[in-house]
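Participant: First the structure, which I've put down as structure tokens, then a few questions once you've had a look.
Since every read-out is calculated from the coordinates, none of them should be taken as a lab result. All figures in this text were calculated on a predicted structure; none of them were measured in a lab. In this analysis, Cβ positions are derived from the backbone assuming ideal geometry, glycine residues included, and neighbour counts consider all displayed protein chains.
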Amino acid sequence: MFVFEHKIRIRYAETDQMGYVYYGNYASFYEVARTEMLRQTGISYKELEEGGVMLPVIELHTRYFQPAKYDDLITIRTTIRERPNVRIKFEYEIFNEQGDLLNSGMTQLVFVDMEKNKPCKAPQVFQDKMDVYFS
């Protein structure tokens, strides 16, 4: 299992008229945390794409418990529970500075061979990086 935490400060532009983070921005928070998590493994989305593999999102779920507000420092905990193969599933929990759970979610992505435009196994270099967390 691989767990990674990333912090983001809520910007004014991410809030709505009520001062709460606009609901659609949570998917962006997931993306930022997912990207930084992958970078932590030593491989980036950019490197995957340069190697001919893209990772489109095929499923997204989110659940709201409490609102995040302007200037809050949130922590996004991202977890991969299963070894990636053709698909990779990310689970998210977002907490405020007091440790309150604000949001939870999940995205599932699929590895796609850019040349063939078909699903494929995760590249070997990626699998090698993941071995540390799933041995």
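Participant: Name the lysines eligible as straight-distance cross-link partners of LYS69: C-alpha to C-alpha under 24 Å, and not fewer than 8 places from it in the same chain.
Facilitator: LYS7
Participant: Let me ask you something else. Distance between the C-alpha centers of segment 92-135 and segment 58-80? Whole Å please.
Facilitator: 16 Å
Participant: Can you put THR78, THR107 in order of Cβ neighbours within 10 angstrom, beginning with the fewest?
Facilitator: Going from sparsest to densest Cβ surroundings: THR107, THR78.
Participant: Starting from the Cα-Cα distance between THR75 and ASP131, subtract it from 0.36 nm times their residue separation and give me the gain in nm to one decimal.
Facilitator: Computed gain between THR75 and ASP131 is 17.6 nm.
Participant: Additional query: Can you tell me the FRET efficiency between LYS116 and ARG63 if r is taken as the Cβ-Cβ distance and R0 is 25 Å, rounded to the nearest 0.05? The partial results should precede the final answer.
Facilitator: Details: r = 35 Å, r/R0 = 1.42.
That gives a FRET efficiency of 0.10.
Participant: Between ASP100 and ASN85, what length in nm is gained on full extension when 0.36 nm per residue of separation is reduced by their alpha carbon distance? Working shown, then result.
Facilitator: Working: separation 15, 0.36 × 15 = 5.40 nm, distance 3.29 nm.
The span from ASP100 to ASN85 would gain 2.1 nm if fully extended.
Participant: Go ahead and collect, in residue order, the members of segment 96-135 whose backbone nitrogen is under 11 Å from a label point 7 Å along the Cα-Cβ direction of MET54.
Facilitator: 112-118
Participant: When the distances between all Cα atoms of segment 2-131 are binned every 5 Å from zero, what whole-number percent does each bin get?
Facilitator: Whole-percent P(r) values from 0 Å outward: 2, 10, 20, 22, 16, 12, 9, 6, 2, 0.
Participant: Now a separate question. Relative to the longest principal Cα axis of the chain, at what angle does helix 25-41 sit, 0 to 90 degrees, rounded to 10?
Facilitator: Rounded to the nearest ten degrees, it is 50.
Participant: Tell me which residues come under 5 Å, amide H to amide H, from LEU102 once H is placed; ignore anything under 5 positions away on its chain.
Facilitator: Distant-sequence amide H within range of LEU102: ILE94, PHE95, ASN96.
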